[in-house]
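First comes the structure, then the notes that go with it.
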Amino acid sequence: MVIDWLPSVLIVALLALGVIGALRRVNLWRAGQPEKVNLIAGLLAMPNRYLKDLHHVVERDKYMSRTHVATGGGFVLSMVLVLVVHVFNVQERIVAWALLGALALMLIGAFFVFKRRLNPPERLSKGPWMRLPKSLITFAVTFIVLTLPAAGILPEGTGGVVLIVVLSIGIVIGLGELLFGMGWGGPMKHAFAGALHLAFHRRPERFGGGRSTGLKPANLEGAVIGVAKPSDFKWNQLLGFDACVQCGKCQAMCPAFAAGQPLNPKKLIQDMVVGLAGGTDANYAGSPYPGKEIGNAKGSPTEVITAGLVSQETLWSCTTCRACVEECPMMIEHVDAIVDMRRFLTMEKGETPNKGSEVLENIIATDNPGGYAPGSRTNWAADQNLAVMKEKKEADVLFWVSDGAFDMRSQRILRAFVKLMKHANVDVAILGDEERDSGDVARRLGDDATFQSLAKRNLATLGQYKFKKIVTTDPHAYHCLRNEYADFDANGALEGVEVLHHTTFLNQLVQSGALKLDAFKGGKVTYHDPCYLGRYNGEYEAPRELLRSLGIEIAEMERSGFRSRCCGGGGGAPITDIPGERRIADMRMEDVTETGAELVAVGCQQCTAMLEGVVEPRPEVKDISEILVGQLVEEVH
Amino acid sequence: MPHKIISLISVGRHPQSGRARRSDQDGRAVELGLKLSGSQLEVVHAGDSEEPVLRQYAGMGLAEITILEQDQSMDAVASLSTYLASRDADIVLTGVRSESGESSGMVPYILAEALGWPLVARVADIVEIKDGTAEVLLALPRGQRRAATVKLPFIATIDSAAQEARQSAYGPGLRANMVAQSGANELDELRANWSEAPAKPRPKRLKMVKAKTAADRFKAATAKPAGGSGKVMKNESTEEKAQAIFDLLIEEKVIR
Ligand code: SF4
Ligand code: SF4
């Protein structure tokens with residue numbers, strides 16, 4: 001027949017256009033800064049990363065994971081077979097049947113996508129995403145009909161010219177979305193960018209069950225420090241932004257968004273996409289930054305981001321809680337991007353808001369954020385009879401006290417922990433006045449110069465002494481020491497040293513019988529996971545086991561473990577203090593109250609401060625070490 | 001016509017840690033200078049061009065800092081007065097006193113004398129410069145201000161009540177140009193004869209506040225001291241004025 005050739009020509013043409021678009025897209029990413037990746041190893045690892053790591057996250061939503069396997073798997077398989085059957089004209093029936101099978105699978109998946117889109121939750125983006133299930137269905141149905149003759153179900157030439165024309169329209173709609181749209185920035189871009197993002201991820205350690213949460217050091221020698229323009233990001237960060245499927249899982253978890261602060265991690269990533277491609281956010285069809293209208297943001301790869309694309313308050317609203325990163329099925333790194341842009345604001349513009357500048361100045365001049373005399377760091381321990389490394393030189397455990405030393409509430413936690421260690425006869429020493437702020441706050445506020453200087457000086461001090469373990473009650477210092485100092489530890493001060501959070505350490509003591517505890521007889525207890533202990537370091541079990549060892553049955557909050565909601569105290573957020581409609585700490589306390597608990601156990605001085613800052617009446621707040629101290633079995637001699 | 005403004009800076013000392021830092025009042029002098037003349041502001045330091053603290057000043061957005069290179073034992077006044085005499089400035093801004101060294105607060109006075117300029121002490125703000133005069137707000141205790149009009153050129157010492165220095169940004173501070181020229185080589189003899197020792201904390205004279213409520217305490221802390229102990233003498237003769245001061249000094253046991 002005359003226009004029998006039309007379908008195959010269309011397929012080839014759309015495929016070619018898609019490839020051109022994709023190459024153009026690749027060029028947009030290449031505007032970013034160089035970053036070494038292993039191309040071959042990455043590409044080889046990609047399928048496994050998709051099947052295991054990505055699906056591990058998607059699996060949390062069973063409906064969506066099955067739907068995606070059917071649709072995505074069905075599509076990839078059908079696309080290959082479409083080329084075999086309809087372009088290369090392989091006449092084997094069995095291949096045609098396989099194609100029909102793949103298309104049917106995809107059709108079923110597409111149907112479920114369609115169903116979800118009937119009444120989509122707020123977190124999902126609308127706009128072009130609403131038409132996606134229809135395009136998917138069009139694609140599947142079109143090719144099913146087109147393949148029927150090859151499979152021998154219909155005689156060749158059924159339907160004549162009219163059918164061919166109708167099917168050709170179906171091809172244009174279906175393949176237009178799936179191939180053309182993939183290269184030219186339609187919703188299907190996520191498949192192409194997502195696959196490459198998995199292959200060239202900036203934190204390959206995250207795959208295979210690993211964890212990589214330490215921030216990357218800023219280059220302090222560059223012409224500009226931090227990220228001013230989209231092209232200042234590494235190329236694979238730009239690629240990562242492009243992988244976003246606008247599922248809004250990050251938005252649903254973000255405490256700042258829930259508090260009505262002007263931050264929405266999904267919108268932020270989409271704004272980065274606007275920045276890397278150039279244009280405005282007018283086509284964005286998701287939830288806005290609370291309190292900010294859509295349509296006013298515009299940018300390009302070479303324009304300063306905070307000069308029209310993203311407002312500074314948006315960047316300072318983040319508590320760096322990592323809930324978004326944990327939840328993102330595309331493994332996008334929001335926190336890295338936010339801190340990169342903060343670095344520019346702090347180190348290039350000197351525009352850290354509110355108390356930020358004062359705190360940074362204090363840290364620089366006194367090594368603690370409060371501006372206290374460095375010589376008063378050990379005053380809290382005047383009556384504790386603690387050995388100091390300067391004299392002792394060697395100990396099993398180095399107790400990293402952190403800046404809680406200057407705060408009267410935190411000192412209660414420190415004293416409780418010391419008492420427990422004494423009870424268990426731990427060979428412990430502190431650095432005393434030689435200790436300095438870990439640099440956590442400076443780094444999260446974007447001042448990496450100060451962080452790096454503190455890290456190096458602390459490491460030089462640590463390098464003078466011998467110890468097997470560092471234990472700290474502060475998850476933020478814990479994170480720095482364990483995950484971020486290694487980049488600066490040229491002399492191996494921490495080599496072979498185990499860095500532990502006090503709950504992990506105490507749990508070891510209890511399990512080994514070195515600490516004897518009475519059963520707890522108070523009321524209901526719940527446990528709040530500190531972000532920097534849980535999501536940053538994967539320690540969810542030790543604190544719970546400790547509570548259980550007191551005979552406590554934990555009344556878990558709905559958001560606990562890796563989904564724990566931030567207390568609002570991280571990332572320097574209480575210092576930059578961006579106004580919202582609610583306070584994050586209040587929302588967390590509501591979570592606590594919902595469990596009916598009378599006591600909330602925490603493992604962080606910052607969480608303690610934030611949660612205790614909630615107006616009474618409210619459940620009591622105690623660090624786990626304070627709870628344990630109350631239950632110590634005093635031995636009578 | 002833009003006015004030529006020069007801010008003088010020194011190496012400060014943090015009150016708690018004793019570490020070198022951007023001096024608080026000098027920082028304010030730079031801040032006020034930036035407000036008055038933006039990128040035209042000239043910032044001058046007599047000392048070591050390698051001094052890292054200068055980068056903290058530069059981080060306020062200064063493209064360059066002029067350094068009159070000299071050893072620590074040399075007198076800054078000699079370098080500064082020679083330099084300032086050659087610069088034809090309208091206003092020179094300094095802190096009231098330095099945070100390290102002799103900290104006598106004399107530098108601005110000696111400079112003013114050398115240049116033959118008036119000195120305006122404890123300035124909180126310079127509101128406007130017009131027709132060769134500047135409208136200045138002087139800082140008085142308890143948040144009060146006195147407006148004054150001063151003819152250019154003059155030297156102003158900047159009070160701690162002036163606008164706080166802006167945040168220092170690391171990158172620009174690192175990249176700023178340190179333009180060094182040799183300063184005068186005059187030994188600071190006074191300083192050389194001094195020996196420095198840590199100060200002993202002195203007992204504070206207690207002020208009895210008999211306030212019962214928070215509002216009373218607040219008033220006691222902020223209100224102008226009322227009462228007849230102060231006297232404004234305008235029309236009296238010079239002898240009478242001198243006698244009054246003399247009497248007061250005896251009364252306060254300053255002289256016996
Ligand atoms: S950033 Fe990740 S979690 Fe957020 S919308 Fe995009 S894909 Fe979903
Ligand atoms: S890290 Fe936390 S606060 Fe920041 S964007 Fe992600 S979810 Fe929101």
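The values are calculated or read from the model by the stated rules, or taken from the named source; none is laboratory data. Keep in mind the model is a prediction, meaning the values are calculated, not measured. Note: ideal-geometry Cβ built from the backbone for every residue, glycine included; neighbour counts use all protein chains shown.
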| field | Filter result for the condition that a residue is touching a residue at least 40 places away in the same chain (Cβ under 8 Å) and more than 14 Å from every other protein chain (Cβ to nearest Cβ), over A:Ala405, A:Ala381, A:Ala442 | value | A:Ala381
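Answer with yes or no whether A:Glu590 is surrounded by fewer than 24 Cβ atoms within 10 Å (Cβ to Cβ) and in a helix (DSSP H, G or I).
Details: surrounded by fewer than 24 Cβ atoms within 10 Å (Cβ to Cβ): yes; in a helix (DSSP H, G or I): yes.
Taking the combined requirement at face value, the residue satisfies it.
Taking A:Val614, is it under 19 Å from A:Gly561 (Cβ atoms) and either within 29 Å of the chain's Cα centre (by Cα) or not assigned by TED's automatic domain parsing to the domain that holds A:Glu545 (or both)?
So A:Val614 fails the test.
Could you list all residues from the stretch A:325-372 that are of a type in the set (Lys, Arg), assigned to a helix (DSSP H, G or I) and within 10 Å of chain B (Cβ to nearest Cβ)? Write out each step before concluding.
Of the stretch A:325-372, the ones of a type in the set (Lys, Arg) are A:342-343, A:349, A:355.
Retained after the next criterion (residues that are assigned to a helix (DSSP H, G or I)): A:342-343.
The answer is A:Arg343, and nothing else.
Okay, residues lined up against (1) crowded, with 21+ Cβ neighbours inside 10 Å; (2) among the small types (Gly, Ala, Ser); (3) in the same structural domain as A:Cys321 (by TED's automatic domain parsing):
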position: A:Val161; (1), (2), (3): no, no, no
position: A:Ala191; (1), (2), (3): no, yes, no
position: A:Gly222; (1), (2), (3): no, yes, yes
position: A:Pro230; (1), (2), (3): yes, no, yes
position: A:Phe233; (1), (2), (3): yes, no, yes
position: A:Leu238; (1), (2), (3): yes, no, yes
position: A:Ala243; (1), (2), (3): yes, yes, yes
| Complete set of residues in the stretch A:408-439 that are in contact (Cβ under 8 Å) with a residue 60 or more places away in the chain, among the aliphatic types (A, V, I, L, M) and not in a helix (DSSP H, G or I) | A:Ala424, A:Val426
| message | Based on this model, can you work out whether A:Lys216 counts as in contact (Cβ under 8 Å) with a residue 60 or more places away in the chain and farther than 30 Å from A:Pro120 by Cα? | response | yes
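Within the stretch A:593-621, can you find the residues that are under 15 Å from A:Cys531 (Cα atoms), of a type outside the set (Val, Ile, Thr) and not in a loop (DSSP other than H, G, I, E, B)?
Just the residues of the stretch A:593-621 that are under 15 Å from A:Cys531 (Cα atoms), to begin with: A:601-611.
With the extra rule that they be of a type outside the set (Val, Ile, Thr), the set shrinks to A:601, A:603-607, A:609-611.
Listed by number, the residues that qualify are A:Ala601, A:Gln605, A:Gln606, A:Cys607, A:Ala609, A:Met610, A:Leu611.
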| note | Checking A:Asn296, A:Asn264, A:Asn236, A:Asn283 in turn, the sole residue that is at pLDDT 95 or above and under 21 Å from A:Gly127 (Cβ atoms) turns out to be A:Asn264
| request: Hey, could you check the stretch B:55-90 for residues that are in a helix (DSSP H, G or I) and within 14 Å of chain A (Cβ to nearest Cβ) and say which is surrounded by the most Cβ atoms within 10 Å (Cβ to Cβ)? | output: B:Tyr57
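Go through the stretch A:509-554 and report how many residues are part of a loop (DSSP other than H, G, I, E, B) and of a type in the set (S, T, N, Q). Full working, then the answer.
Of all residues in the stretch A:509-554, those part of a loop (DSSP other than H, G, I, E, B) come to A:512-516, A:518-524, A:528-540, A:550-553.
Applying the additional criterion that residues be of a type in the set (S, T, N, Q) yields A:512, A:537.
Final tally of qualifying residues: 2.
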